[in-house]
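Have a look at the structure below before the remarks.
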Amino acid sequence: MYTRLSTDLITMKTTKELIAAGLAKGQSYSEYRTLVATLASEGKTTGPEQKEALINYTQLNDRRMKRWDKTFKIDEETIHLIENYRKKTTWLVLTESWCGDASPSMPVMHKIAALNPNITLKVVLRDEHPDLMNRFLTNGAMSIPKLIAVNDENHEVLGTWGPRSQAATLLVNDYKEKHGNLTAEFKQDLQLWYNKDKGRSVLKELAGLLLE
């Protein structure tokens, strides 16, 4: 028992090593969007389980991200903040194609990164990087999307965000407290809330990462 435990501790990768592995395999946003669009057209999804519900969510998310990519706008004050960010940083995002909370937030991440060459956005699939995901749990859960802001020089973690904005999290927590598990109807209502919010809450919190 002692020998086995010692071996496991010796071979356990550090968080920096897991981040480095994730960065090496990370996709650009455009590559990820192509992946999701292809899966949606083929009736498939990311992850090991090809369930009908997950496939349907992948198709929904492809349509939603197309809309967000076209319609989301950043205000001039926040553009100024983003353009003046000087630290070389990569936003490494863990997600899956079926994740409903990712569809309104990832286009915001992309628009921010596109405004400043010091910010690189890379995407990895959660179920392909369970060890990395387990280092960045939310209340003990493998909740996605999860953004990890990484200093390019030393792979130090500068901050994290996810799986949703504080305002959206409050809606989710209130519903869970009253009704238990999230229903399909609530998830639809949450998407309607995202549409009304127009990405402002996500933008505000992600821009806040640039001030830390």
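Within region 145-176, how many residues are closer than 15 Å to ALA113 by Cβ, assigned to a strand (DSSP E or B) and open to solvent by 50 Å² or more (accessible area, probe 1.4 Å)?
Qualifying residue count for the region: 1.
Looking for whichever is in a helix (DSSP H, G or I), modelled with pLDDT of 95 or more and more than 28 Å from ASP69 (Cα to Cα) here; the options are LEU23, LEU39, LEU18. Which one fits?
Working: LEU23 fails: more than 28 Å from ASP69 (Cα to Cα); LEU39 fails: more than 28 Å from ASP69 (Cα to Cα).
Being in a helix (DSSP H, G or I), modelled with pLDDT of 95 or more and more than 28 Å from ASP69 (Cα to Cα) holds for just one of LEU23, LEU39, LEU18, which is LEU18.
Is one or more of the residues making up region 70-91 crowded, with 16+ Cβ neighbours inside 10 Å, of a type in the set (Ser, Thr, Tyr) and over 21 Å from ARG126 (Cα atoms)? Working first, answer last.
Filtering region 70-91 down to residues crowded, with 16+ Cβ neighbours inside 10 Å leaves 72, 74, 78-79, 81-82, 85, 89-91.
Keeping just the survivors that are of a type in the set (Ser, Thr, Tyr) gives 78, 85, 89-90.
From the residues that got through so far, the ones that are over 21 Å from ARG126 (Cα atoms) too are 78, 85.
Yes, because at least one residue in region 70-91 is crowded, with 16+ Cβ neighbours inside 10 Å, of a type in the set (Ser, Thr, Tyr) and over 21 Å from ARG126 (Cα atoms).
Among the candidates LEU137, LEU210, LEU125, single out the residue that is under 13 Å from the mean Cα position of the chain (by Cα), among the aliphatic types (A, V, I, L, M) and buried (at least 16 other Cβ atoms within 10 Å of the Cβ). Working first, answer last.
Details: LEU137 fails: buried (at least 16 other Cβ atoms within 10 Å of the Cβ); LEU210 fails: under 13 Å from the mean Cα position of the chain (by Cα).
Among LEU137, LEU210, LEU125, only LEU125 is under 13 Å from the mean Cα position of the chain (by Cα), among the aliphatic types (A, V, I, L, M) and buried (at least 16 other Cβ atoms within 10 Å of the Cβ).
Residue-wise test of (1) in contact with a strand residue (DSSP E or B) (Cβ under 6 Å, 6 or more places away or on another chain); (2) of a type in the set (Phe, Trp, Tyr); (3) over 27 Å from ALA149 (Cβ atoms).
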position	(1), (2), (3)
THR169	no, no, no
LEU182	no, no, yes
LYS187	no, no, yes
GLN191	no, no, no
TYR194	no, yes, no
SER201	no, no, no
LYS204	no, no, no
LEU209	yes, no, no
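The values are calculated or read from the model by the stated rules, or taken from the named source; none is laboratory data. Quick caveat, the model's predicted, so the values are computed rather than measured. Every residue, glycine among them, receives a Cβ derived from its backbone with ideal geometry; neighbour counts consider all protein chains shown. In case anyone asks, the SASA skips ligands and DNA or RNA and just uses the protein heavy atoms, side chains included. Shrake-Rupley method; radii C 1.70, N 1.55, O 1.52, S 1.80 Å.
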